[in-house]
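Peer 1: The following block contains the structure, expressed as structure tokens.
The values are calculated or read from the model by the stated rules, or taken from the named source; none is laboratory data. The structure presented is a predicted model; accordingly, all values stated were derived computationally and were not measured. All Cβ positions, even for glycine, are placed from backbone atoms using ideal geometry, and neighbour counts span all protein chains on display. Each accessible area value is taken on the protein alone, full model and side chains, heavy atoms only, with ligands, DNA and RNA left out. Shrake-Rupley method; radii C 1.70, N 1.55, O 1.52, S 1.80 Å.
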Amino acid sequence: MAARQSPRVTRFPTFFVAVALASAGFVAACDKAPSPQGLKEWTPADHDPELGRASAPGNANQGPRGDGGSALATVVEVTWQNQCSTCHGMQGHGDGPQGPMFKAPDLSREDFQSRVKDDEIASTITNGKGRMPKFEIPDEVVRGLVLRVRSFRGR
């Protein structure tokens with residue numbers, strides 16, 4: 001009869017046991033989100049106090065497009081960079097990285113600028129048109145984007 005071999009017993013080092021217990025404790029402690037009571041709504045001024053001063057009522061600081069140089073202008077700029085420039089390019093020429101694929105129009109062309117009304121530009125932004133998707137953004141940001149499109153005239 002063959003000799004019987006005992007199964008090999010592997011022992012985990014104490015370190016692994018401690019890590020497993022600590023992880024289980026952290027998971028058990030994080031079973032629900034913190035309460036939002038008493039928290040104020042975040043604004044861009046919370047991140048950069050200069051934005052809060054620039055957007056204070058009565059501040060007449062005008063940006064390059066007459067947009068007030070405010071926190072709203074920053075939001076409009078970031079929205080253009082993140083949502084619009086990928087197709088239309090930074091100067092609106094339709095030369096963004098995705099522009100040729102989607103045949104993005106050159107928004108600086110005089111025939112476009114004279115033909116389209118501000119309300120039509122705003123409607124295209126909020127409702128989409130052709131291959132352009134709709135964007136659900138606040139009305140004041142849409143108005144800022146319309147001003148941005150108008151600033152491309154003759155560039």
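Peer 1: Take the stretch 84-103 and flag every residue that is crowded, with 16+ Cβ neighbours inside 10 Å and out of contact with any strand residue (DSSP E or B) (no Cβ under 8 Å at 6 or more places or on another chain).
Peer 2: C84, S85, H88, G89, G92, H93, G94, G96, G99
Peer 1: Within the stretch 108-145, which residues are under 22 Å from the mean Cα position of the chain (by Cα), over 17 Å from N82 (Cβ atoms) and open to solvent by less than 80 Å² (accessible area, probe 1.4 Å)?
Peer 2: Once the filter is applied, which keeps residues that are under 22 Å from the mean Cα position of the chain (by Cα), over 17 Å from N82 (Cβ atoms) and open to solvent by less than 80 Å² (accessible area, probe 1.4 Å), the stretch 108-145 yields I121, A122, S123, T124.
Peer 1: If I filter the stretch 131-139 for residues that are in contact with a helix residue (DSSP H, G or I) (Cβ under 9 Å, 6 or more places away or on another chain), assigned to a strand (DSSP E or B) and not acidic (D, E), do I get at least one hit?
Peer 2: yes
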